[in-house]
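Remarks on the structure that follows.
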Ligand SMILES: C[S@@+](CC[C@H](N)C(=O)[O-])C[C@H]1O[C@@H](n2cnc3c(N)ncnc32)[C@H](O)[C@@H]1O
Ligand SMILES: [Zn+2]
Ligand SMILES: [Zn+2]
Ligand SMILES: [Zn+2]
């Protein structure tokens with residue numbers, strides 16, 4: 001046990017039968033070492049953090065500061081003993097209130113290091129920082145998952161995912177640190193072996209975890225139901241079932257006869273191994289979902305993979321506006337209106353100098369034919385933000401989800417609400433490149449068989465700029481192609497009025513139902529201006545998997 005410090009001089013002689021309510025429990029452990037989570041080979045035993053779990057340690061953690069001790073010296077000692085804590089009285093020591101480096105290092109193999117504390121949280125935190133100790137304010141570590149194991153110098157270590165901690169906090173722990181999680185270790189060891197006999201314990205653990213762990217692993221649940229249902233006649237598509245139905249069906253496995261269980265044992269063990277991998281995938285995607293929403297002004301974007309073991313894309317970052325390096329975007333409009341009511345005065349409203357008609361109807365739905373430009377009111381116009389001619393600039397309102405497609409198109413984007421025909425959905429954002437830069441990037445994208453380059457050559461002979469959503473973009477990065485799409489793209493000018501630098505906005509081509517995938521035609525019909533995703537230079541064309549009746553068989 002790593003002792004903190006007990007100021008017995010400040011103890012008052014109060015007696016409590018139970019633990020006092022005002023109690024802070026602090027734990028100090030060596031700071032987590034990231035490298036341990038990433039590589040299983042480079043472990044330095046000396047650097048191991050010595051956290052452990054013991055559910056009996058769950059005291060109410062109160063985040064008050066500076067508690068003076070409410071227990072007598074003897075009570076405190078007894079309580080420490082009860083909890084398996086080493087009680088050290090430093091009151092006679094000069095070093096009272098100090099965690100010396102020696103204290104921390106000498107007590108290396110501690111089971112835990114919690115005592116009632118007499119210092120303020122701030123002081124403690126500072127002390128811990130001084131010695132590179134991880135300060136944990138009253139929290140108890142609980143093992144969530146065992147991910148890997150290895151033996152070093154005859155000692156067994158497990159890679160632990162801690163409950164309520166992100167994956168980056170995973171640590172390697174010697175077996176004796178892990179108390180109260182024998183069932184987890186047993187399960188881990190059992191399904192790892194290919195010769196495992198399927199016991200009731202293993203099955204119960206699997207089903208309990210699968211039917212309670214959130215987010216639910218719909219794929220594993222559906223696969224389990226298919227395994228159970230396999231030889232019955234009503235084999236249905238399980239993934240269409242509601243989660244409660246899936247869970248109910250999954251629990252049936254516990255009622256199967258030994259004969260039936262015997263038949264499906266291998267499939268079940270295989271599924272258990274698969275489901276362990278899926279847990280990590282779902283955790284990884286949840287973390288990504290949180291990250292991409294952290295500065296997102298649009299409605300919360302969900303991430304869903306009910307299909308395979310694909311984790312979050314690693315080389316993609318979310319942005320919320322065009323990104324430019326050397327290109328100067330002038331946000332000073334030269335044309336603007338003076339209307340009292342832009343909808344009533346639409347004949348004299350924006351667009352002023354163009355033949356283009358007014359873009360929206362009174363419900364803010366687009367009323368232009370494909371290819372016509374959209375000129376919205378801008379910051380120099382007299383109207384306010386409620387003007388009917390301000391739609392794209394007010395941002396995305398539709399709730400969408402990035403999801404794993406089941407037809408081999410990788411990630412896709414779907415709507416989580418009904419979208420009306422001509423409704424604005426979202427913009428296509430990315431880095432703005434000059435066409436020369438875009439060409440060299442295009443070669444790389446061709447190499448990996450994907451394209452994210454959108455040429456801004458609206459109605460122009462020569463394309464000056466291209467939007468690259470490959471590494472930086474918004475949810476539109478994930479929109480797949482369809483030869484019969486439900487979105488189409490329009491060029492929109494707001495504060496920036498350079499004809500070569502429009503914004504790209506997707507509007508609904510038709511009514512789109514909740515849950516439908518959003519798609520656009522990567523090669524749109526060029527009537528009022530050329531406008532599409534850049535051609536692939538690949539010798540082999542990319543076969544189209546849009547599955548529509550109008551499919552042209554190739555993307556480009
Ligand atoms: C703009 S990205 C769309 C997002 C992509 N699916 C992903 O996983 O990141 C374009 C790429 O997606 C794939 N893709 C999109 N639509 C497709 C379709 N209809 N058929 C086949 N592949 C498609 C192709 O690899 C294409 O180059
Ligand atoms: Zn206006
Ligand atoms: Zn205006
Ligand atoms: Zn197609």
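What follows draws every value from the coordinates through simple rules; no lab data is involved. Nothing here was measured: the structure is a model prediction, and the numbers come from that model. With ideal geometry, Cβ positions are generated from the backbone for all residues, glycine too; neighbour counts draw on all protein chains shown.
Return the FRET efficiency for the residue pair residue 348, residue 418: r is the Cβ-Cβ distance, R0 is 35 Å, and the value is rounded to the nearest 0.05. For residue 348 and residue 418, the calculated efficiency is 0.50.
Annotation: the stretch 222-347 has a Kirkwood hydrodynamic radius of 20.0 angstrom, from the mean reciprocal C-alpha pair distance. Shape of the stretch 167-292 from its Cα gyration tensor (a ≥ b ≥ c, root eigenvalues): rounded if a/c is under 1.5, otherwise prolate when a/b > b/c, or oblate? Verdict is oblate for the stretch 167-292.
What is the calculated FRET efficiency for residue 183 to residue 484, with r their C-beta to C-beta distance and R₀ = 51 Å, to the nearest 0.05? Rounded to the nearest 0.05, the efficiency is 0.45.
Spin-label model, residue 197/residue 296: points 7 Å from Cα along the beta carbon direction are separated by 4.9 nm.
Remark: spin-label model distance residue 286-residue 126 equals 3.7 nm, labels positioned 7 Å along the Cα→Cβ axis. Note on residue 331 and residue 498: the extension gain reaches 59.2 nm, defined as 0.36 nm multiplied by sequence separation minus the Cα-Cα distance. Site pair residue 251 and residue 399 shows an inter-label distance of 2.8 nm when each label is modelled 7 Å from Cα along Cα→Cβ. Compactness check for the stretch 294-336: Cα Rg over 2.2 N^0.38 Å is 1.86. For the stretch 333-450, averaging the sequence separation of C-alpha pairs within contact (under 8 Å, six or more residues apart) and dividing by the residue count gives a relative contact order of 20 percent. Applying 0.36 nm per residue to the separation of residue 434 and residue 150 and subtracting their alpha-carbon distance, the gain on full extension is 97.1 nm. A Cα-only calculation for the stretch 147-199 places Rg and Dmax at 12.1, 34 Å. Taking a ≥ b ≥ c as the square roots of the eigenvalues of the Cα gyration tensor, an a/c ratio below 1.5 marks the stretch 327-401 as rounded.
Pull out a ≥ b ≥ c, the square roots of the eigenvalues of the alpha-carbon gyration tensor of the stretch 392-438, then state rounded if a/c is under 1.5, prolate if not and a/b is larger than b/c, and oblate in the remaining case. Taking the square roots of the gyration eigenvalues as a ≥ b ≥ c, the stretch 392-438 is oblate.
Taken over the Cα atoms of the stretch 255-295, the convex hull encloses 62 Å³ per residue.
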